[in-house]
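Below: the structure, in structure tokens.
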Amino acid sequence: MPNNTTTTQPDLVDVRGPRFAAWVTTAVLVLALVVSAVNPLVAAVILAVQAVIFAIGAVGGPRKHPYGRIFATVVARRLGPVQDREPTAPLKFAQVVGLIFAVLGTVGFATGAVLFGVIATAAALAAAFLNAAFGICLGCQLYPLVARFRRPARPT
């Protein structure tokens, strides 16, 4: 009896791309925090734009992520060949986590709950900086735990 199951390779990306994106994200989040001290509504706009960028990364993955596209078209061609790759699923989950914190921060800044906005933005900043500086992706570390709770697809 023939075996009709197929094994699919996970979608892999150059590890340097997400770290580049994390550096850009770190800069944007620092900007939002600095601006929040002067004008929380402008900080809300900055953070809302970053939330949209997180959403694009969560849905489309690193190759569709605006910072990922910049990496691929401008930065990667100036670097040596790819040495290491990582799967995209944990990266997409990490973007969802970033999106949640960015939305919470945006709501905080926009509604006048500035301390709440600062805390949510600082949490996102800490995660982005850990990834950028040390290659530690907190969302990626959480991904296996969350993936374990997903229900398997039911056969139709």
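Just so it is clear, none of the values below were taken in a lab; they were calculated from the coordinates. Treat the numbers as computed from the prediction; the structure is a model and nothing was measured. Every residue, glycine among them, receives a Cβ derived from its backbone with ideal geometry; neighbour counts consider all protein chains shown.
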Problem set entry | Highest average packing first - 47-59, 27-39, 135-147, 78-90, Cβ atoms within 10 Å | 47-59, 27-39, 135-147, 78-90
Exercise. Roughly speaking, what is the centre-to-centre gap between the stretch 85-132 and the stretch 16-81 when only Cα atoms are used, to the nearest Å?
Worked result: 11
Seminar exercise, completed: For the chain, the longest principal axis of the Cα atoms and the Cα long axis of helix 88-111 enclose an angle in degrees, to the nearest 10, of 20
Exercise. For helix 40-60, what angle does its Cα long axis make with the longest principal axis of the chain, in degrees from 0 to 90 and rounded to 10?
Worked result: 0
Problem set entry | Structure-derived percent of Cα pairs over 19 Å apart - corresponding label in (i) 56; (ii) 67; (iii) 84 | (i)
Seminar exercise, completed: In nanometres, the difference between 0.36 nm per residue of separation and the alpha-carbon distance of L145 and V42 is 33.5 nm
For this session: Pop the C-beta distance of V75 and F134 into the FRET formula with R0 = 22 Å and round what comes out to the nearest 0.05.
Result: 0.70
Exercise. Applying the Karplus parametrisation 6.51 cos²θ - 1.76 cosθ + 1.60 with θ = phi - 60° to the phi angles of the stretch 15-29, what ³J(HN,Hα) value in whole Hz is obtained for each residue in order, glycine and proline being reported as x?
Worked result: 5, 6, x, x, 5, 4, 4, 5, 5, 5, 4, 4, 4, 5, 5
For this session: Give, rounded to the nearest 20 debye, the magnitude of the charge dipole that the chain has about its Cα centre when Lys and Arg contribute +1 at Cβ and Asp and Glu contribute -1 at Cβ.
Result: 360
